[in-house]
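> After the structure tokens below, expect a handful of questions from me.
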């Protein structure tokens, strides 16, 4: 029984976080007020960050909290406050028919996904990054990032510069 | 008796559910900012799949890929929201049903 305590806690954390994230993401798409949606989006991102911790990826979990829950949602909330969306709140349900078709197709897609992941277990070449090695996660990520993935890393820096320039030019007032 | 740890299938199914909720939101909501949030949620679900597979195949590639996806998502957030602000400035709305001309 003693050796099971870690596993039991893992299951409890997984189930709790999974249900919280599903409920929070449902609330994201059903709330009428976009600010509420954005705050439930933060909750979803935090739940996924906990799942990353369960999967021994501390670095990605921290980046998730900083970049997604911090930077991106902060930008979204800022833009929601810049725009006057009151008119959006009052716009009723239009095109109900196409929405029903869309939801039905999406649920069908979900069944396809579940079938495809449940039918066959994971196969592939097992790598060298065991959980013991992943406990020094930042070091491992850095080693791979700056050797094997150095070129994509540089490309990402160019992409970010392009995004900054594009955002500034787009939001500049035309004279 | 030893309880088995959480199998990868559950993580993958959860990620599929989150992705589907994102798809439903992107299809049904008409506010462009909520559609944008749903797209972020879908990217996040894909990241969860990458991390899960990378954990259970004990590889580092999935983690790095998730890292790059996050960088692209940040760039996309900056440019996309700038576009929304500009559209709102010229059209006074961000309803995706009314933004149907690619010129204004």
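> Can you name every residue in segment A:130-154 that is within 10 Å of another protein chain (Cβ to nearest Cβ) and loosely packed, with under 11 Cβ neighbours inside 10 Å?
A:131 - this is the single residue of segment A:130-154 that is within 10 Å of another protein chain (Cβ to nearest Cβ) and loosely packed, with under 11 Cβ neighbours inside 10 Å.
> Are any residues in segment A:110-119 facing another protein chain (nearest Cβ under 7 Å) and farther than 11 Å from residue B:24 by Cα, and if so, which ones?
Once the filter is applied, which keeps residues that are facing another protein chain (nearest Cβ under 7 Å) and farther than 11 Å from residue B:24 by Cα, segment A:110-119 yields A:113, A:114, A:117, A:118.
> Then there's this: Looking only at segment B:43-63, how many residues end up being without any contact (Cβ under 8 Å) to a residue 24 or more places away in the chain and either in contact with a strand residue (DSSP E or B) (Cβ under 6 Å, 6 or more places away or on another chain) or more than 7 Å from chain A (Cβ to nearest Cβ) (or both)?
Total meeting the criteria: 5.
> Those residues that are closer than 14 Å to residue A:107 by Cα and either in a strand (DSSP E or B) or under 13 Å from the mean Cα position of the chain (by Cα) (or both), I need them from segment B:21-31; list them, please.
B:21, B:22, B:23, B:24, B:25, B:26, listed by residue number.
> On to the next question. Going by the conditions given, is residue B:63 surrounded by fewer than 18 Cβ atoms within 10 Å (Cβ to Cβ) and modelled with pLDDT of 85 or more?
So residue B:63 does not fit the description; no.
> Determine which member of the set B:18, B:43, B:12 is surrounded by 23 or more Cβ atoms within 10 Å (Cβ to Cβ) and under 17 Å from the mean Cα position of the chain (by Cα).
Going through B:18, B:43, B:12 in turn, just one is surrounded by 23 or more Cβ atoms within 10 Å (Cβ to Cβ) and under 17 Å from the mean Cα position of the chain (by Cα): B:18.
The values are calculated or read from the model by the stated rules, or taken from the named source; none is laboratory data. Note that the coordinates shown come from a computational prediction; the quantities given were computed from them, not determined experimentally. Cβ sites come from the backbone with ideal geometry, for glycine too, and all protein chains shown count toward neighbours.
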